Amino acid sequence: MQAHPLRLSSGDDLRVALEDLLRQRKWLAAFVIQGIGSLSIAQLRFAGNEDPTELRDDLEILTLAGSISSDGAHLHMSVADPRGRVFGGHVTRGCTVRTTAEILLALLPEHRFSREYDSSSGFMELVIRDKPPMG
(Lines give C-alpha, C1' and ligand atoms only; values in the text may rest on other atoms or scores of the structure.)
Protein backbone atom coordinates (compact mmCIF):
# COMPACT_ATOMS: atom_id res chain seq x y z
CA MET A 1 0.00 0.00 0.00
CA GLN A 2 1.22 3.49 -0.84
CA ALA A 3 -0.09 6.65 0.80
CA HIS A 4 -0.82 9.61 -1.46
CA PRO A 5 -1.89 12.91 0.14
CA LEU A 6 -3.90 15.23 -2.08
CA ARG A 7 -5.23 18.76 -1.83
CA LEU A 8 -8.13 20.00 -3.92
CA SER A 9 -8.75 23.72 -4.42
CA SER A 10 -11.71 26.06 -4.44
CA GLY A 11 -14.12 25.28 -7.28
CA ASP A 12 -12.98 21.69 -7.82
CA ASP A 13 -15.64 19.02 -8.14
CA LEU A 14 -14.60 16.58 -5.43
CA ARG A 15 -15.70 13.33 -7.09
CA VAL A 16 -14.65 14.31 -10.60
CA ALA A 17 -11.20 15.37 -9.38
CA LEU A 18 -10.61 12.03 -7.65
CA GLU A 19 -11.85 9.97 -10.60
CA ASP A 20 -9.79 12.03 -13.06
CA LEU A 21 -6.66 11.68 -10.92
CA LEU A 22 -6.87 7.88 -11.00
CA ARG A 23 -7.40 7.83 -14.77
CA GLN A 24 -4.59 10.31 -15.45
CA ARG A 25 -2.08 8.50 -13.25
CA LYS A 26 -3.26 5.08 -14.49
CA TRP A 27 -3.77 3.89 -10.92
CA LEU A 28 -5.95 0.78 -10.86
CA ALA A 29 -7.07 0.62 -7.23
CA ALA A 30 -7.35 3.13 -4.41
CA PHE A 31 -9.25 3.82 -1.23
CA VAL A 32 -9.99 7.25 0.18
CA ILE A 33 -8.93 6.79 3.79
CA GLN A 34 -10.12 10.18 4.99
CA GLY A 35 -10.93 13.65 3.80
CA ILE A 36 -11.54 17.00 5.47
CA GLY A 37 -12.17 20.48 4.15
CA SER A 38 -15.11 22.57 3.04
CA LEU A 39 -17.76 22.61 0.34
CA SER A 40 -20.10 25.29 -0.97
CA ILE A 41 -22.32 22.66 -2.61
CA ALA A 42 -22.77 19.05 -1.57
CA GLN A 43 -24.64 16.56 -3.72
CA LEU A 44 -25.46 13.58 -1.49
CA ARG A 45 -27.67 10.62 -2.29
CA PHE A 46 -29.34 9.51 0.91
CA ALA A 47 -30.09 5.82 1.58
CA GLY A 48 -33.12 4.56 -0.30
CA ASN A 49 -33.27 7.57 -2.65
CA GLU A 50 -32.44 7.45 -6.34
CA ASP A 51 -31.66 11.14 -6.75
CA PRO A 52 -29.13 13.24 -4.84
CA THR A 53 -30.10 16.04 -2.48
CA GLU A 54 -28.31 19.35 -3.04
CA LEU A 55 -27.06 21.22 0.02
CA ARG A 56 -25.84 24.81 -0.51
CA ASP A 57 -24.14 26.48 2.43
CA ASP A 58 -20.75 26.84 4.09
CA LEU A 59 -20.29 23.11 4.69
CA GLU A 60 -17.48 21.39 6.57
CA ILE A 61 -16.43 17.92 5.43
CA LEU A 62 -16.32 15.78 8.56
CA THR A 63 -15.58 12.43 6.92
CA LEU A 64 -14.91 11.20 3.42
CA ALA A 65 -14.18 7.57 2.59
CA GLY A 66 -14.61 5.09 -0.24
CA SER A 67 -13.09 3.20 -3.13
CA ILE A 68 -11.99 4.42 -6.55
CA SER A 69 -11.37 2.43 -9.71
CA SER A 70 -10.67 3.47 -13.28
CA ASP A 71 -14.39 3.15 -13.99
CA GLY A 72 -15.67 5.21 -11.09
CA ALA A 73 -15.84 5.92 -7.40
CA HIS A 74 -17.99 4.81 -4.49
CA LEU A 75 -17.64 7.52 -1.87
CA HIS A 76 -19.54 8.37 1.29
CA MET A 77 -19.26 11.69 3.10
CA SER A 78 -20.65 13.49 6.12
CA VAL A 79 -20.84 17.28 6.18
CA ALA A 80 -21.93 19.81 8.80
CA ASP A 81 -23.72 23.06 8.06
CA PRO A 82 -23.04 26.33 9.97
CA ARG A 83 -25.63 25.35 12.58
CA GLY A 84 -23.90 22.04 13.29
CA ARG A 85 -26.48 19.85 11.59
CA VAL A 86 -24.83 16.80 10.02
CA PHE A 87 -25.84 15.17 6.76
CA GLY A 88 -24.30 12.10 5.23
CA GLY A 89 -24.66 9.94 2.19
CA HIS A 90 -23.31 8.77 -1.14
CA VAL A 91 -21.16 11.39 -2.93
CA THR A 92 -22.33 12.27 -6.43
CA ARG A 93 -20.89 14.68 -8.96
CA GLY A 94 -21.39 18.35 -8.19
CA CYS A 95 -19.78 18.57 -4.73
CA THR A 96 -17.93 21.89 -5.08
CA VAL A 97 -14.91 22.60 -2.88
CA ARG A 98 -15.33 25.93 -1.04
CA THR A 99 -11.78 26.61 0.22
CA THR A 100 -9.86 23.33 0.30
CA ALA A 101 -10.20 19.57 0.58
CA GLU A 102 -7.37 17.53 2.09
CA ILE A 103 -7.59 13.86 1.18
CA LEU A 104 -5.50 10.80 1.92
CA LEU A 105 -5.55 8.08 -0.73
CA ALA A 106 -4.27 4.56 -0.15
CA LEU A 107 -3.01 3.18 -3.45
CA LEU A 108 -3.06 -0.59 -3.85
CA PRO A 109 -0.62 -1.35 -6.70
CA GLU A 110 -1.03 -5.14 -6.34
CA HIS A 111 -4.75 -4.94 -7.09
CA ARG A 112 -7.11 -3.88 -9.84
CA PHE A 113 -10.58 -2.59 -8.96
CA SER A 114 -13.56 -2.48 -11.28
CA ARG A 115 -17.26 -1.83 -10.83
CA GLU A 116 -19.55 -4.50 -12.25
CA TYR A 117 -23.27 -5.06 -12.11
CA ASP A 118 -24.31 -7.31 -9.22
CA SER A 119 -27.70 -8.90 -9.83
CA SER A 120 -28.24 -9.57 -6.11
CA SER A 121 -27.88 -5.87 -5.14
CA GLY A 122 -29.00 -4.29 -8.41
CA PHE A 123 -26.02 -1.92 -8.34
CA MET A 124 -22.58 -1.59 -9.87
CA GLU A 125 -20.43 -3.12 -7.12
CA LEU A 126 -16.70 -3.27 -6.41
CA VAL A 127 -14.82 -6.23 -7.88
CA ILE A 128 -11.30 -6.79 -6.52
CA ARG A 129 -8.71 -8.66 -8.54
CA ASP A 130 -4.99 -9.22 -8.15
CA LYS A 131 -3.03 -7.22 -10.67
CA PRO A 132 -1.27 -9.54 -13.12
CA PRO A 133 2.52 -9.59 -12.70
CA MET A 134 4.55 -7.51 -15.16
CA GLY A 135 6.47 -9.29 -17.89
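Quick notes on this one:
Residue-by-condition table, conditions (1) touching a residue at least 60 places away in the same chain (Cβ under 8 Å); (2) out of contact with any helix residue (DSSP H, G or I) (no Cβ under 6 Å at 6 or more places or on another chain):
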site	(1), (2)
19	no, yes
22	no, yes
29	yes, yes
41	no, yes
93	yes, no
100	yes, yes
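- Reported count of residues in segment 81-135, each being part of a strand (DSSP E or B) and either over 20 Å from residue 33 (Cβ atoms) or of a type in the set (A, V, I, L, M, F, W, C) (or both), is 26.
- Residues considered: 31, 87. Of these, the only one that is at pLDDT 95 or above, of a type in the set (Phe, Trp, Tyr) and farther than 21 Å from residue 126 by Cβ is 87.
The values are calculated or read from the model by the stated rules, or taken from the named source; none is laboratory data. None of these values were measured; they are calculated from a predicted model. Counting neighbours? That spans all protein chains shown, and the Cβs are built from the backbone with ideal geometry, glycine included.
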